[in-house]
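The values are calculated or read from the model by the stated rules, or taken from the named source; none is laboratory data. Just so it is clear, the structure is predicted and the values come from calculations on it, not from any experiment. Glycine also receives a Cβ, built like all others from the backbone with ideal geometry; neighbour counts cover every protein chain displayed. Only protein heavy atoms, including side chains, enter the accessible area calculation; ligands, DNA and RNA are left aside. Shrake-Rupley method; radii C 1.70, N 1.55, O 1.52, S 1.80 Å.
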Amino acid sequence: MPYNIVYADEPTYLDTAFISELSRRGSVKLYFDRPSPAELRERLSDADIAISEWSHFTADSMPRGGRLKHIALLLSGLDTVDLAAAAAAGVSVSNCPRYCVDAVADHVVACAYALARRMPAATRAGMAGLSHVYTPFLGRELRGSTIGLIGVGRIGQAVAERASRIGLRIIGCNRSGRPAPGIELMPIEQVVSESDIVSVQLPYNDETHGILNARLISRARSDSLWINIGRFKLFCEASLAEVLREQRIGGIALDECPYRMLGPVHAHGNAMVTPGTAWYTARSREQNLREVLENIDRIAAGGEHVAS
Amino acid sequence: MSHPRSFACDSASRWLVDAFSALQPKLTWQEREIADARVLLIEPRGDNGARTVVMACSTEPWMEPITGITTAVSISALYVLEVATSVADRASSIDAIILMDRDSEGSRAGVLDIARRRAKLCNGGRMIVVAAGLTRHGGIFGNLENLKAVEGFFPEIPRFTDHPGLDPDVKAALQCTAIPILVVDPWTAEDGRWLPVPEFIDRFC
């Protein structure tokens, strides 16, 4: 059945093969900006399937009795969609949890190495023309350290696989209690207190909002390195600001950071902020588009809510 | 191919500029206004024999009924972006890429003049016009069989002679450039297969 497919907002990456594949599934309308809520509603008015990367879908965007059947997110998370409203409107939602697993796991390991070797400050010094200056940049080696994985889903397990090759002890926690191969599971507080490196790869939702709070971070070792490739709002912002200003952890790498937090982040000498690029490799962006097509085809084949 | 109307919107234009900006410093680009069109002139790191000017319209509203795709950045421009991305990492014979957002008599004349001047500076300079979907509109250079036939004439690419898919005013403008021109439709096969970018570069650049 041919669909009206609307690519509703600014594509980070598009290739002609993908557009061609979409056009085999129906008529295609591509937008290159980020719509206001009213514009989004208008764009969805005659769409069967919406593809989205940036927009927030609320009850207003998905009127009951509308034509919209499915929202195909290019994201691994689902926090941009009011899932209850979608269900009420009879709109299914899919995300892309697989496309960037390797890229993000590589990013975590890269950050761990960079923080352990104090690369942010050493790079600034080198680029400023300093040479053979050692003392402030004393590094440590990762082998034999403990990495604590908060979240042991696909990405957590991919990080664990890499960590085992480096010779790290791997501990972690999850909410389900399901065993994770190669990861010693324990309560989150214990993970934080025993880790030299804390890697956070949690989905952001009501349950995980602010989960990294003062009480939890206070258990961290003073030299622990923290890496968060998820939403910043997993942190309690005020607590993190205090921790960073008081240098109560050894370093931090964030892949998302609100502007107002850059001051505290800068105040900590061993800190890195990347602009949401943990996933961004040539392979990931191509796999992202393929995963969207698979999700659309699953819906076309009669599948229901395929978010995972 | 000719169409006086342009539905280029600022956001689409910006998107395209951002996409090419992201390829810096591997290639450089500049934005110009020519007649009533905004024109992007992109200069990849050409090899010593760079002599090819690739040109496309960055908006092609006339293609919508043919392809079933409504897009403010043309499919041709997206394809050319893939070409630019590919040649950004390697030397090629591409001297310049020109994208114009409005195909009118004035803009076309200006852009072809730029292409002609650049191509004439090169020994054996030539121009490739990318027009995705032209085949379905009746163009003759679109299907792969015809491309092979054209390839057989290398390096003497025949001057543009007859393209049923092109409007007469466009034909006239192309014929006036006095440089060899090849019109290529990379979206060729009935099953929607695209001419892979590496193959496009190997064949034409």
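Observations
- Accessible area in square angstrom per residue, the protein assembly as shown, 1.4 angstrom probe: 44 Å²
- Cα gyration tensor category, rounded, prolate or oblate, for the range B:49-125 with a/c compared to 1.5: oblate
- Here the accessible area of the range B:73-125 is 47 percent carbon and sulfur, with a 1.4 angstrom probe and all protein chains present.
- Largest GNM mean-square fluctuation among A:Cys173, A:Cys96, A:Cys257, using chain A with Cα springs under 10 Å: A:Cys257.
- Longest site-free stretch - chain A; sites: GluC sites (Glu not before Pro), DSSP loop, at most 16 other Cβ within 10 Å: A:1-140
- Look at the stretch A:19-30: the mean tally of other chain Cβ atoms within 10 Å of its residues' Cβ atoms is 5.
- Cα centroid separation - the range A:230-308 against the range A:97-150, whole Å: 17 Å
- Model label zone, A:Leu138; criterion: amide N under 20 Å from point 7 Å along Cα-to-beta-carbon; scope the range A:220-250: A:221-226, A:247-250
- Amide H contacts under 5 Å for A:Val93: A:Ile71, A:Val306, A:Ala307, restricted to partners 5 or more places along the chain or on a different chain, H placed in the peptide plane at 1.01 Å from N.
- When the Cα gyration tensor is reduced to axis lengths a ≥ b ≥ c, the ratio a/c is 1.5 or higher for the range A:122-202, and with a/b above b/c it is classed as prolate.
- For the pair A and B, total buried accessible area rounded to nearest 100 Å², probe 1.4 Å: 1400 Å²
- Its DSSP H runs of at least 4 residues, each contributing -39,500 (n - 2.57), put the calculated 222 nm mean residue ellipticity of the protein assembly as shown at -10000 deg cm²/dmol, to the nearest 500.
- Tail weight of P(r) past 46 Å, computed on alpha-carbon pairs of the protein assembly as shown, percent: 24 percent
- Shape call, the range B:11-53: gyration tensor on alpha carbons, a/c limit 1.5: oblate
- Angle in degrees between helix A:101-116 and the longest Cα principal axis of chain A, rounded to the nearest 10: 20 degrees
- For the range A:71-194: Kirkwood Rh in Å [reciprocal of mean 1/r, alpha carbons]: 17.3 Å
- Eligible aspartates and glutamates near A:Lys69 by straight Cα distance, threshold 12 Å, same-chain separation 8 or greater: A:Asp46, A:Asp48, A:Glu304
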